[in-house]
1. At 0.36 nm per residue, and after removing the present C-alpha to C-alpha distance, how many nm does the segment from residue 48 to residue 27 gain when stretched out fully?
2. Which ³J(HN,Hα) values in Hz, rounded to whole numbers, follow from the phi angles of the stretch 19-28 under the Karplus curve 6.51 cos²θ - 1.76 cosθ + 1.60, where θ = phi - 60° and Gly and Pro get x?
3. Size of the chain along its principal axes in angstrom, Cα-based, largest extent first?
4. What does the extension gain come out to for residue 41 and residue 8, with contour length at 0.36 nm per residue minus their alpha carbon separation?
5. What length, rounded to one decimal in nm, is gained on full extension from residue 15 through to residue 1, with 0.36 nm per residue of separation minus their alpha-carbon distance?
Amino acid sequence: MNNAVSFANVFLSYLLAFIVFGICIVAAVMIGIKARKSKNKKEELASAVSNVDSAYVGKKD
């Protein structure tokens, strides 16, 4: 009986550690996706501004 309790204790301890690491990994991936989408949006806006600026180069008012 003592071995079963010891095994259950160790098993639940490792299971809890696995769950915590899994949550950390999921959080890191979500933060990375959000950061990349933000960077893509900024690059898209900068590209659009650059295209607008280059379209007006050489034009005289």
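1. Values: separation 21, 0.36 × 21 = 7.56 nm, distance 3.16 nm.
Computed gain between residue 48 and residue 27 is 4.4 nm.
2. The phi angles translate into 5, 5, 4, x, 5, 5, 5, 4, 4, 5 Hz.
3. 91, 9, 6
4. Values: separation 33, 0.36 × 33 = 11.88 nm, distance 4.92 nm.
Roughly 7.0 nm would be gained on extension.
5. Values: separation 14, 0.36 × 14 = 5.04 nm, distance 2.09 nm.
Gain in length upon complete extension: 2.9 nm.
Every read-out reported here was derived from the displayed coordinates using simple, explicitly stated rules and does not represent laboratory data. Nothing here was measured: the structure is a model prediction, and the numbers come from that model.
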